[in-house]
Amino acid sequence: MKKYLLLFLFISSFSFAQSADSLVWLHDIDSTILTEVRYATPNNFTGQILYKSDKVYLRKVVAESLSNAHKSLMRNYALRIKVFDGYRPLSIQKKMWEVMPDDRYVADPAKGSRHNRGAAVDLTLVDVTGREIDMGTPYDDFTEKSHIDYKKLSKNALTYRAILRSTMEKFGFEAMSSEWWHFDFKGWSKFPIMDVEIE
């Protein structure tokens, strides 16, 4: 009996780990988070349509943590999150690197990106109506103004960047030094790099 109980517990824990680590559609975790997947349109730094789908996928634990951050922002600041990118296939990473071979802004595909693991998210803040907040630069602005320690911005932009960063860090994310919009989930290295295209 004891042997069967141990086997059951092992199988249950394995199944839980698998479900916790799987890629999920963000909408299924939190349908109140806005999305605008730029790479599913030509409105991005490559000028190309890179994704077939405009659905955002993340590891389940990452999506759940993002949802908690979103709820905190709504409750404490009447602000919402809008996501630009989540999981990204490695093949797309290679196309981006061809256009922008600068690892301050695009991860070298030879090493892989946190996005390729489903453990990174690009996002901004919007008000309750969905209007984007001025964060000092637009998304994918590859200049020093996008760096998180850049201070020559309006007081409002600096305040909102601080709100976004502190909230994301509270819920298990780490800021990227060169992009105010990019956050890696702590423990990202445990997830494997993937090259599965989202239809």
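Spin-label model, Asp28/Asn68: points 7 Å from Cα along the beta carbon direction are separated by 2.1 nm. Cross-link partners for Lys82 among the lysines, with Cα-Cα distance under 20 Å and sequence neighbours closer than 8 places in the same chain left out: Lys52, Lys55, Lys60, Lys71, Lys170. Report the calculated FRET efficiency for Gln48 and Glu169 (r = Cβ-Cβ distance, R0 = 35 Å), to the nearest 0.05. Given R0 = 35 Å and the Cβ-Cβ separation, E is 0.60. Derived from the Cα gyration tensor, the three semi-axes of the equivalent ellipsoid of the chain are 30, 21, 15 Å, largest first.
Could you work out the relative contact order of the chain? I mean the mean sequence separation of Cα pairs under 8 Å and 6+ apart, divided by the number of residues, in percent. Relative contact order, the chain: 21 percent.
The relative contact order of region 128-199, computed from alpha carbon pairs under 8 Å that lie at least 6 residues apart in sequence, is 26 percent.
Full extension of the chain between Ala162 and Lys111 yields a length gain of 15.4 nm, computed as 0.36 nm times the residue separation minus the alpha carbon distance.
Taken over region 105-199, the ratio of Cα radius of gyration to 2.2 N^0.38 Å equals 1.15. Most simply put, region 23-190 has about 90% antiparallel DSSP beta bridges, counting only bridges with both residues inside it.
Quick note: the coordinates plus some simple rules give every number you see, no bench work behind them. Bear in mind the structure is a predicted one, so any value in this text is a computation, not a measurement. Every residue, glycine among them, receives a Cβ derived from its backbone with ideal geometry; neighbour counts consider all protein chains shown.
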